[in-house]
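Report on the following structure.
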Amino acid sequence: MSLLPPTGALIPVDAPFSAAQESWLAGFIAGIAAAGKKTAAPAPTTTIDVLFGTQTGTAESLADALVSGAKARGLGARATALDDVSPEQLATMSHVLVVTSTYGEGEMPDNAALFWDAVQASTVPRLEGLQYAVLGLGDTGYDEFCQAGKLIDTRFEQLGATRVHDRVDCDVDFEDPAAMWTAAVLDRIATTVGATGASAPGGAAATGATAADVAGTSRASRPGSQWTKRNPYPARLVANRLLSGPRSAKEIRHYEFDLGDSGIQYAAGDALAVVPQNDDGLVDELLTHLAATGDETFDGRTVRELLRTDREVRTPSKDLIADLVQRAPASELAAVVAHGDKHELDRWLWGRDVLDLLRDAGTDAPGLDALLPFLRPLQARQYSISSSPLAHPGHVHLTVASVRYGDVNRRHAGVASTHLADRVAVGDQVGVYLQPNAAFSVPADDAPLVMVGPGTGIAPFRGFLHERAARGATGANWLFFGDQHRDTDFVYRDELEQLQDQGVLTRLDLAFSRDQAEKVYVQTRMREQSRELYAWLEDGATFTVCGDASRMAKDVETALLAVIAEQRGKGDDDAAEYLADLRRAKRYVRDVY
């Protein structure tokens, strides 16, 4: 006899769960009941290969959830990075679920680029025996929304594979659609192959993760992962220190948070998501422009509270832009859009927020009720953790540049960066949750490590160095760091010099671009040290990069290819294949944004 009451009795009708969350809870309870039965479950006869492409770790977390859900249904399952699968291996698989984010302007994430190159080849095996489905992660703020998932979905179809479920493209609020896709796909496969795992009432079996869980790591993988975007941990800010000098053009700050009783266990290389709030002054300006008091209600909340905590008012959505062009055809925005030049539109939009666009539309702008549906949910901001749990147990550090820009007519500021800098006092609490990034981690203790992190890109490498010092690692460490001026922008200078004196930081190459007539960047220093840099690679070094994806990371990769080509003397194709081998060996990894 089961020791558990019926699942419906365990989930009150007024419980604050979404449909997807209730589905998981019901399946989870059913799974516990099934596990208590004396009869042994039959060995799985079908294995689902869950292939993920990720830049920040979210797709990998969803892949973990899929594996858990498949096993709960009596199916075999394993998760693998896309780049770790060859076309020949792919052709031997029977069921493949792909979860992939999209990086940059429609590009494959770092651990899927080699896979995509391989499956595009004319010699790739056919996939007639493969059944598959694709889940895409993206952001509708970008033109190439979920492009990586779309490309893989189409290519599998071209190669003869059978789609078992339609592709779902998830926006930044991906939790519920991802959870529902997971349940639907796994239920369909389980029904087809006759699996006998525990199923929830109504046919939805345990997915292995709630809709909230998929925002971070799966429950089984790390303690403290119950803290998510929907349920952030209220961490206490214990330090806020200005790192940049008073004459710097930048404002870079060091933050420390007490993780208290959260149970959060991070690793050097992970990211911390900060749940921000919009500036009250900006909310007031927006309400004034809309002739609203803020006491109006929308979805059961006051509009003021909604704008402050739940809606994105800095970055206009594409839907709002389209609506404004239609409403105000004589506006400056409409004129730019009419040119059909994406780059011109991007330049015009840069730095403009929702209030700017409403003012540009003049009297044709939408009122409060028409505007609110076009405002996207306010998103948490992820920052690379700049500490090591071994060196700073119970605390997590961030290195953040406060975003401020504008002119005498109107000043703008970044949402999360100035929320931390201006509106959170030491001792106050901030909602946070962990975003694990297993692909970006400290290498083995005896392995050499090359780190390229200009500006705030130094953040994870500070954590890496502290980690290696705490471990007593013997591998050599080489850091390329730079910014504008040595006197004002050499952040963590004392720490880095101390790490050098201790022998932890083997080599430090600096590039301060504005301290001489000719600009010098980290990639300049790489080329200058071409012979030794290549020697480190040949000696087994892991090459890591953190920072701006649009320019710096691309320039660094170009410089690295040039170094390899110069030292090997076998041409550009050979250099590209050498770099591809580093990627396959997880010795060329990036944390870029």
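The values are calculated or read from the model by the stated rules, or taken from the named source; none is laboratory data. Note that this is a predicted model, so its numbers are computed, not measured. Quick reminder, even Gly has a Cβ in these numbers, built from the backbone with ideal geometry, and neighbours come from all protein chains shown. Accessible surface is based on the protein model in full, side chains and every heavy atom, while ligands, DNA and RNA are left aside. Shrake-Rupley method; radii C 1.70, N 1.55, O 1.52, S 1.80 Å.
Model label points for GLU566 and ASP299, set 7 angstrom from Cα along the Cα-to-Cβ axis, are 5.4 nm apart.
Cross-link check: pairs LYS150/LYS586; LYS342/LYS554; LYS342/LYS570; LYS229/LYS318; LYS229/LYS250 evaluated at a Cα-Cα cut-off of 31 Å; pairs beyond the cut-off: LYS342/LYS570.
How much accessible area per residue does the chain have, counting only protein heavy atoms and a probe of 1.4 Å, in square angstrom?
So the chain comes to 44 Å² accessible per residue, rounded to a whole number.
Close amide H contacts of ASP139 (hydrogens built in the peptide plane, cut-off under 5 Å, sequence separation of 5 or more or a different chain): CYS146. Per-residue extension of 0.36 nm, minus the Cα-Cα distance of ALA322 and VAL408, leaves a gain of 28.1 nm for this segment. Ranked by the mean number of other Cβ atoms within 10 Å of their residues, highest first, the peptides 239-245, 404-410, 267-273 fall in the order 267-273, 239-245, 404-410.
The HN-Hα couplings worked out from phi for the range 260-267 by the Karplus form 6.51 cos²θ - 1.76 cosθ + 1.60 (θ = phi - 60°) are x, 9, 5, x, 5, 10, 9, 10 Hz, whole numbers, x standing for Gly and Pro. Summing Cβ point charges (Lys, Arg +1; Asp, Glu -1) relative to the Cα centre of the chain gives a dipole of roughly 1160 debye.
Only beta bridges with both residues in the chain are counted; by DSSP, about 45 percent of them are antiparallel.
Take each of the peptides 387-398, 473-484, 334-345, average the number of other beta-carbon atoms within 10 Å over its residues, and list them starting from the highest.
473-484, 387-398, 334-345
Rounded to whole numbers, the Karplus 3J(HN,Hα) couplings from phi for the range 226-242 are 5, 7, 9, 4, 7, 9, x, 7, x, 7, 8, 6, 10, 7, 9, 10, 6 Hz, using 6.51 cos²θ - 1.76 cosθ + 1.60 with θ = phi - 60°, and x at Gly and Pro. With a cut-off of 11 Å on the backbone N, no residue of the range 114-137 is near the modelled label site 7 Å out from LYS342 along Cα-Cβ.
Taking θ as phi - 60° and the Karplus parameters 6.51, -1.76 and 1.60, the scalar couplings of the range 149-160 work out to x, 4, 5, 5, 4, 5, 5, 4, 4, 4, 8, x Hz in sequence order, x denoting glycine and proline.
Distance distribution P(r), the chain, all Cα-Cα pairs, bin width 20 angstrom from 0: 18, 50, 30, 2, 0 percent.
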